[in-house]
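A quick write-up on the structure given underneath.
Bear in mind that the values in this text are calculations on the coordinates, not laboratory data. Bear in mind that the values here come from a model prediction, so they are computed numbers and not experimental data. Cβ sites come from the backbone with ideal geometry, for glycine too, and all protein chains shown count toward neighbours.
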Amino acid sequence: MENRETKFKTEDKLTRQQQKSLFKWLGLIADALNQEGITLNEFLMPAIEVPATKENLHKTFLKQLIKNLHNEDSTTEIKKNKEIDQLIDIITLHCANNFQLSVPPFPSEEEKNFNENYKNQNSL
């Protein structure tokens with residue numbers, strides 16, 4: 001009998017940092033949508049107007065997209081290379097094609113280190 005550790009190898013899953021980056025990126029997209037006056041409903045379902053937040057983008061958009069594409073219920077279950085790249089591409093294209101919205105780049109470890117170093121240099 002195959003155990004859970006064998007079935008779900010750690011290197012295949014998103015890291016906690018990738019999950020945090022994904023959630024941060026949704027926040028950046030929500031900010032961009034709000035700056036352009038695009039509500040969540042316009043983004044997803046144009047019947048009722050609700051301001052976009054990273055929480056409602058996560059719950060109503062990302063989780064449904066993960067379920068539809070990968071038959072998974074959580075970001076903890078998607079693979080960190082191919083599947084996360086596919087999600088990023090789909091979301092970016094959706095924003096560009098439907099709203100002419102240029103989304104911010106996906107947060108990276110390099111960006112985080114640069115921002116931390118910049119803050120440290122400016123606090124001296």
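A few points about this structure:
- Prolate/oblate/rounded call for the range 27-117, Cα gyration tensor, a/c under 1.5 rounded: oblate
- Extended-chain gain in nm, criterion 0.36 nm per residue less alpha-carbon gap, Asp85 and Leu44: 12.7 nm
- Between Lys13 and Lys80, the built amide H atoms are under 5 Å apart, and every one of these is 5 or more places off in sequence or on another chain.
- For Leu101, residues with placed amide H under 5 Å, excluding near neighbours: Ala96
- Pairwise label distance in nanometres, Asn34 with Asp73, each label 7 Å out on the Cα-Cβ vector: 3.0
- At full extension, Glu55 and Lys24 could sit 10.1 nm farther apart than now, given 0.36 nm per residue minus the alpha carbon distance.
- Gyration tensor (alpha-carbon) shape descriptor, the range 53-98, a/c threshold 1.5: oblate
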